[in-house]
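A short write-up of the structure that comes next.
The values are calculated or read from the model by the stated rules, or taken from the named source; none is laboratory data. Every value quoted in this text rests on a predicted model; they were computed, and no experiment measured them. Counting neighbours? That spans all protein chains shown, and the Cβs are built from the backbone with ideal geometry, glycine included.
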Amino acid sequence: MEERIAALRRRGVRIGEGCQLFTTSFSTEPYLVDIGNRVGISGGTQFITHDASVWLIRPERPQAQVLGRIQVGDNTFIGENCLILPATTIGAGCVIGAGSVVRGIIPDNSIVIGNPCRVVGRASLLKGCHAGSGRMVDTLHLPEAEREAAIRRHFGL
């Protein structure tokens, strides 16, 4: 994980502290991407910093590019296989559902899902849902064998 983050930083991605990134897909202009602190980004997620629809005006402006910065706020989680489009700002404390296509400004404390994504709730409410679900276990710190045993016990396996 640390090697992946170091390599992305060398390419110009600004990445805060305490992040977990399971993707390396940061487009052709990785220096246009800012990731806050304690951000989790799942595998398959892509950050796209350019808009190839500029081809429509290439006959008049052959060297033109359409680009946009991408910013992700602190304490945000981005699910598996999301597409983050140019000129997108994701606020702090957000949850982006798996497979979402994200464009524009996402307010702090939002849960967003879909293609195109839309705000469906407040991330702060998710804490209570998790606490009461019976699915939350405190095992992340355990060695793999102990972690598996504890999870199996919790789910009666």
*asked:* Of everything in region 1-60, what is part of a loop (DSSP other than H, G, I, E, B) and either in contact (Cβ under 8 Å) with a residue 40 or more places away in the chain or of a type in the set (S, T, N, Q) (or both)? Give them in sequence order.
replied: Gly16, Thr23, Thr24, Ser27, Thr28, Gly36, Asn37, Ser42, Thr45, Thr49
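Which ones in region 75-111 are in a loop (DSSP other than H, G, I, E, B) and touching a Lys or Arg at 6+ places or on another chain (Cβ under 6 Å)? Steps first, answer last, please.
Our first condition is that a residue be in a loop (DSSP other than H, G, I, E, B); within region 75-111, this holds for 75-76, 79-82, 85-87, 91-94, 97-100, 103-104, 107-109.
Correct list: Asn75, Leu85, Asn109.
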*Considering only region 2-20, how many residues are buried (at least 18 other Cβ atoms within 10 Å of the Cβ) and more than 28 Å from Gln65 (Cα to Cα)?*
1
*May I ask you to say which residue of Leu125, Leu140, Leu157, Leu67 is in contact with a Pro (Cβ under 9 Å, 6 or more places away or on another chain) and either surrounded by 14 or more Cβ atoms within 10 Å (Cβ to Cβ) or more than 25 Å from Tyr31 (Cα to Cα) (or both)?*
Leu67
*Specify which of the listed residues (Val13, Val72) is under 21 Å from Arg122 (Cα atoms) and modelled with pLDDT of 95 or more.*
Val72
*asked:* Please determine whether any residue of region 82-93 is surrounded by 13 or more Cβ atoms within 10 Å (Cβ to Cβ), within 26 Å of Arg69 (Cβ to Cβ), at pLDDT 90 or above and touching a Cys at 6+ places or on another chain (Cβ under 8 Å).
replied: no
*Just need a number here: residues in region 113-129 that are in a helix (DSSP H, G or I) and either at positive phi or within 20 Å of the chain's Cα centre (by Cα) (or both).*
5
